[in-house]
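Encoded as structure tokens, the structure appears first; notes follow it.
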Amino acid sequence: MSKKADVVIIGGGITGCAILYQLAKYDLKCVLLEKEPDIAAGTTKANSAILHAGFDAKPGSLKAKMNVKGNALYHDLKDELDLDIKWTGSVVAATTEVEMTTVKELLERGRGNGVTGLEIWDGDKIREHYPTLSPDIKGGLWAPTAGICCPFGTAIAFAENAVMNGAEIYRDCGVTSFNISDGRIVSVETAKGCFKAKVFINAAGLRADDIARLAGDDSFNIKPRKGEYILFDKSAAQQMTDGIIFPAPSKNSKGILVCATFDGNVFIGPDANDQDDKENTKVTYEGMDGLMAAARKLLPEIPVRSAITEFAGLRAVSDNGDFILGKSDKVPNLVHAAGIQSPGLTSAPAIGEYIADIVVKELEAEPNTDYVSGRPARNVFHTADNAQRAAMIAKNPLYGRVICRCETITEGEIVDAIKRPCGATTVDGVKRRTRAGMGRCQGGFCGPKVIHILARELHIPVSEVRKDRLDGVMYYDKDWKDGGNV
Ligand SMILES: Cc1cc2nc3c(=O)[nH]c(=O)nc-3n(C[C@H](O)[C@H](O)[C@H](O)COP(=O)(O)OP(=O)(O)OC[C@H]3O[C@@H](n4cnc5c(N)ncnc54)[C@H](O)[C@@H]3O)c2cc1C
């Protein structure tokens, strides 16, 4: 039996989730299909998490338009969806006169793109704000509208609101083929059966060209461009930075930056290496060495021993280097949101509006009169004061059991993460929603406990609890009981 919808979105990264969020405001039955066991498990989980001001992209490009508009939209969305965002501003730091010329070009480009508040700072002013930076920095571009966010948390927030408003999200549900009649898509086949719809949206990230081709559209290619990172413990922040420090950009990327995260860690990266493999997110010795050498030009003293993990993300680079947004020329009811490389995270709310507008006109959709804004409140223990903590524990004693000691994440929060709309079903799903496992021990202590909580709440054996997008099961400690409660 086929399931029926008005709109099927393929891909549950920030792009697919932002589109779903916008479409949920209309009287449309919307379904999102994600091949992995969780949303936000592709490129959306591994990037620099910067809400860019918008001075990089070529004037007139979709990237430039979506970046500046997306950044502005996040200012309202922060309150509406309770998003984890800090508006820190960013600096592009130049160490040579040639790089200063590039910085001045970025100023002009940014002004042309409509970015407000841009200023050129000299080296002393930069070091006044960021005292740990190199004495070699001659000056740079200050962009007050930039910020840092939690990228997977943002995608999850979009999804939670959409699900509250009637949208459906199917995970472990990869699209494998299309059923086409008279050149139009009738339905898609997936691991969870057939889905019929009037309009299909291609937000499949690195696989967007494969999805387009499956439907009969071979008009573009996507190539992966890898970026590796080193992540540092929160204790390193004082020695490093609490801001966003870019070097002068290269042709292929914004360069290797030193940057704080929303939760107070610091990272250096990413580099930019083209490759053919769309799954290879391995980090390399050469990559790590290259990151350290490049970052030391901005920040001479890097506390290497405070590094807690490394990771890599893959940019989905299209043939023309720009976003591909709009109806397919070859398949009339296929709409692409493809080639969404950086600044795709920043652009997501604007892309969501842009694509929703096309669909709403096509289907002549009316507003959803029952639409509810926001999402369920989050109980966050580690940021609560003592009175708030006492109230949380009085309401539910599980908030009194700390499971992740590095990040002070409680069992109550982990259970919430599993039970919320589009809740976690994997260990990394819990990590992305709560930060359990993101601290210095990287889940070494709390991982087995999280597995047991997932097994209990999902009513599955511990041996079936999955880590993330990997097939198979995670190691587990079958004797771990902890008082028999978990
Ligand atoms: C190194 C790096 C740094 C970056 N830094 C920034 C930054 O600081 N600021 C910024 O704005 N942007 C940044 N970006 C870009 C940003 O991360 C991406 O633009 C954004 O995450 C893309 O989201 P997406 O939803 O399009 O793709 P994805 O997150 O990859 O989502 C696509 C989804 O489609 C699913 N899918 C694929 N095939 C199928 C199928 N057959 N059926 C069902 N589902 C399928 C995938 O599993 C995946 O979950 C960076 C990117 C990288 C790699």
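The values are calculated or read from the model by the stated rules, or taken from the named source; none is laboratory data. Predicted model only: the values in this text are computed from it and were never measured. Positions of Cβ are backbone-derived with ideal geometry, glycine not excepted, and every protein chain shown enters the neighbour counts. These accessible areas exclude ligands, DNA and RNA; they are computed on the full protein's heavy atoms, side chains included. Shrake-Rupley method; radii C 1.70, N 1.55, O 1.52, S 1.80 Å.
Each helix, a run of at least 4 DSSP H residues, gives -39500 (n - 2.57); summed and divided by the residues of the chain, these come to -9500 deg cm²/dmol at 222 nm. Shown here for segment 69-175: chymotrypsin sites (Phe, Trp or Tyr not before Pro) in loop regions (DSSP other than H, G, I, E, B) with at most 16 other Cβ atoms within 10 Å, namely Trp87. Toward the positive end of the charge dipole of the chain, about the Cα centre and with charges on Cβ (Lys, Arg +1; Asp, Glu -1), which of Ile201, Gly147, Val163 goes farthest? With unit charges placed on the Cβ atoms, the residue in question is Val163.
Beyond 22 Å between alpha-carbons counts as too far, so tell me which of Lys86/Lys226; Lys65/Lys196; Lys192/Lys278; Lys282/Lys431; Lys63/Lys254; Lys282/Lys467 fall in that bin. List each step's numbers first, then the result.
On the way: Lys86/Lys226 26 Å; Lys65/Lys196 33 Å; Lys192/Lys278 24 Å; Lys282/Lys431 20 Å; Lys63/Lys254 14 Å; Lys282/Lys467 17 Å.
Over 22 Å apart, Cα to Cα: Lys86/Lys226; Lys65/Lys196; Lys192/Lys278.
Scanning the chain for cysteines with no neighbouring cysteine C-beta under 4.7 angstrom from their C-beta gives Cys17, Cys30, Cys149, Cys150, Cys173, Cys194, Cys259, Cys406, Cys422, Cys441.
For the chain, give the share of DSSP beta bridges that are antiparallel, in percent and rounded to the nearest 5; count only bridges with both residues there. If you can, show how the numbers build up before the last one.
Details: 52 of 73 bridges.
Within the chain, antiparallel bridges account for around 70 percent of the total.
Each Lys or Arg adds one and each Asp or Glu subtracts one; over the other residues with Cβ under 11 Å from the Cβ of Ala57, this totals +3.
Report, to the nearest whole %, how much of the accessible area of the chain belongs to carbon and sulfur atoms, 1.4 Å probe, protein only.
Values: 10250 of 20400 Å².
Of all accessible area on the chain, carbon and sulfur atoms account for 50 percent.
Using only alpha carbon pairs under 8 Å that are at least six residues apart, calculate the relative contact order of segment 276-372 and give it in whole percent. Here the relative contact order equals 19 percent.
Taking amide H as placed 1.01 Å from N in the peptide plane, the amide H of Phe323 sits under 5 Å from that of Leu62, Lys63, each at least 5 places away or on another chain.
In percent, rounded to a whole number, the relative contact order of the chain is 20, using alpha-carbon pairs under 8 Å and six or more apart. Taking amide H as placed 1.01 Å from N in the peptide plane, the amide H of Gly139 sits under 5 Å from that of Ala94, Gly123, each at least 5 places away or on another chain. Applying both filters, DSSP loop and at most 14 other Cβ atoms within 10 Å, to the trypsin sites (Lys or Arg not before Pro) of segment 226-313 gives Lys251, Lys282. When the Cα positions of Ile451, Leu398, Ala424 are compared along the charge dipole of segment 386-464, Leu398 comes out farthest toward the positive end, with charges on each C-beta of Lys, Arg, Asp and Glu.
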